[in-house]
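Just dropping this structure here.
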Amino acid sequence: MERVRASNRLLRYSCNKSLFDRRYNPSSQNSIHNSPSGYSHGFVNKCGDFHLYNGNHKWSVQTCFGFLRYRGETFRDSVEKGSLDSRCRGFGSLAAKVERNPSFSTLNADDISYFKGVLGEKTVVQEEERLAIANTDWMHKYKGSSKLLLQPQSTEEVSQILKYCNSRCLAVVPQGGNTGLVGGSVPVFDEVIINMSLMNNIISFDQVSGILVCEAGCILENLMTFLDNQGFIMPLDLGAKGSCQIGGNVSTNAGGLRLVRYGSLHGNVLGIEAVLADGNVIDMLGTLRKDNTGYDLKHLFIGSEGSLGIVTKVSILTPPKLFSVNVAFLACQDYFSCQKLLVEAKRKLGEILSAFEFLDSQSLDLVLNHLDGIRNPLPPTMHNFYVLIETTGSDETYDRQKLEAFLLHAMEAGLVSDGALAQDINQASSFWRIREGVPEALMKAGAVYKYDLSLPVEKMYDLVEEMRKRLSDSANIIGYGHLGDGNLHLNISAPQYDDRILMQIEPFVYEWTSKHRGSISAEHGLGLMKANEIFYSKPTDTVTLMASIKKMLDPKGILNPYKVLPHSFSSS
């Protein structure tokens, strides 16, 4: 144990500069996006510097209001500079063609005049360039044909917009940072886009309780920065934090990297304000942790993807920022060892465990080959599986001893075949860069079919292996995700989109997930991509009840049509 301690200094941070300060701030000199690599290889070795439909049938990297950023540049910049492939990307889950609902009206000049009277000229957008961006998701996978984008600046303006659209039977699509992966935040046809980016004010923050109240258009990373200055953190962390907005996070019940520690937004969101399809404002913006008076209706809107109402304000419980942070990057011989390591981590690290991520060798190989400045943390060998563990606590000495004891036990038990313990902020950021860089590397590799699944932990990787058998050499199958909460990100990477590959993937991936009592959407939502596949995870009676709730709250079906519920339900 003394040898371990001597050769592996754990991360030590003062109260002024914690790991959170750097990891969650891309503008930081040592942020995950631009820091040099540096690792301590193994536990006893020296530290080294290792670094489509169109018309009336539907269905492409960014949003003009908040761009996804990687390595300090937006996806748009990357495309223009040629560092990201900008070719048109295909899409999956198209078993049924989507027909435009004939009951919806089409936009006319009187509508434009009304909206300009309510919002003013500048926030009623008709410019083709801005509309082209807002009509397209960041993966260039889904593309609508909306002719109008509205940018309300208050709940009252959202209310007036919806009241008018409902009276005219104009379909609308709420839009935040437009970082979704299932086509939920872009039009399918000509729906009016209601972008929430200008509603970005922090309303209040209680230093005693840690309760934050803000508008829906606040960018997640901006909230992180604000809270960091107050000595708190967001309970949610996503790779798209530089672009995604809290309203969209809540509307999709986003999960992310901290769920194993802080739970889902159903537990952290204390209240919301939402505007219904008819313009009525529902004030559920409570700031109490205990309120057992009647039905807790806010949960209907968390995860409803804007199909029941538009979230305009959020109150959320935020935990205090802790300054003892440690990150380890470990290698495992097989998936069973990853599972056992998770069990041991929960038992032996307990309350300080804040993240438990896994990726297979194919994931690491993809990152090494497609992203600049990243090196294998455990050279020269490529191992079958890798686990990233983060601990967060308040007592540096206690946390250090606890993690050291766990790592020593894991090595002696044969659960870990190699490992690197971060020595400073740069090294910790480099570890996280590998895990968070997998989606970017997939984009650069070519066509990608993405599946976000919840499965029993012991079954998660079985699906990856099954897909490799089905597709053989025709595609590269990547498996990674949030092992701590049973969330697999299954990605099928190919040189180009191919219907023959898609037919091998679907519906098999959904059938397999359903057979093992999993969910076809762990954290990305259903959107357009999976709306017709909901029956793989929910029984007919449950979906019928969902449809009746939708009908009650949105009788004309104008809110984000063709999403979440099966198209047969939404058109009836």
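For the list (1) of a type in the set (Gly, Ala, Ser); (2) open to solvent by less than 20 Å² (accessible area, probe 1.4 Å); (3) assigned to a loop (DSSP other than H, G, I, E, B), I need the number of the one condition that residue 271 fails.
(3)
Let me ask something else about it. Do we find a residue being within 16 Å of residue 321 (Cα to Cα) and surrounded by fewer than 24 Cβ atoms within 10 Å (Cβ to Cβ) anywhere in the stretch 238-254?
The answer is no; no qualifying residue exists.
Does the stretch 480-491 contain at least one residue that is of a type in the set (Phe, Trp, Tyr) and more than 20 Å from the chain's Cα centre (by Cα)?
No - not one qualifying residue is present in the stretch 480-491.
Would you mind stating whether residue 514 is open to solvent by 10 Å² or more (accessible area, probe 1.4 Å) and in contact with a strand residue (DSSP E or B) (Cβ under 8 Å, 6 or more places away or on another chain)?
Here the answer is no, as residue 514 does not meet what is asked.
In addition: Among the residues of the stretch 510-538 satisfying the criterion of being closer than 30 Å to residue 100 by Cβ and of a type in the set (D, E, K, R), which is farthest from the chain's Cα centre (by Cα)?
This residue is 511.
Which of the residues belonging to the stretch 308-323 are open to solvent by less than 10 Å² (accessible area, probe 1.4 Å) and part of a loop (DSSP other than H, G, I, E, B)?
Passing the criteria: 309, 318.
A further question on this structure: Filter the stretch 90-122 for residues that are modelled with pLDDT under 95, surrounded by 12 or more Cβ atoms within 10 Å (Cβ to Cβ) and of a type in the set (Gly, Ala, Ser) and give the result.
90, 92, 93
Only residues that are charged (D, E, K, R) and open to solvent by less than 10 Å² (accessible area, probe 1.4 Å): list them for the stretch 158-198, please.
191 - this is the single residue of the stretch 158-198 that is charged (D, E, K, R) and open to solvent by less than 10 Å² (accessible area, probe 1.4 Å).
While we're looking at this one, here's another question. For the stretch 487-508, state whether one or more residues are part of a helix (DSSP H, G or I), within 23 Å of residue 387 (Cα to Cα) and open to solvent by 20 Å² or more (accessible area, probe 1.4 Å).
no
Which condition from (1) at pLDDT 95 or above; (2) surrounded by 14 or more Cβ atoms within 10 Å (Cβ to Cβ); (3) in a helix (DSSP H, G or I) is the one that residue 76 breaks?
(1)
Filter the stretch 546-572 down to the residues that are surrounded by fewer than 20 Cβ atoms within 10 Å (Cβ to Cβ), assigned to a loop (DSSP other than H, G, I, E, B) and at pLDDT 95 or above and list them by number.
Within the stretch 546-572, 555, 556 qualify.
Among the residues of the stretch 524-545, is any more than 25 Å from residue 138 (Cβ to Cβ), open to solvent by less than 40 Å² (accessible area, probe 1.4 Å) and assigned by the TED database to the domain that holds residue 389?
No, the stretch 524-545 has no match at all.
The values are calculated or read from the model by the stated rules, or taken from the named source; none is laboratory data. Source: prediction; values computed, not measured. We place every Cβ from the backbone using ideal geometry, glycine too, and count neighbours over all the protein chains shown. What goes into the accessible areas is simple: the full protein's heavy atoms, side chains included, and nothing from ligands, DNA or RNA. Shrake-Rupley method; radii C 1.70, N 1.55, O 1.52, S 1.80 Å.
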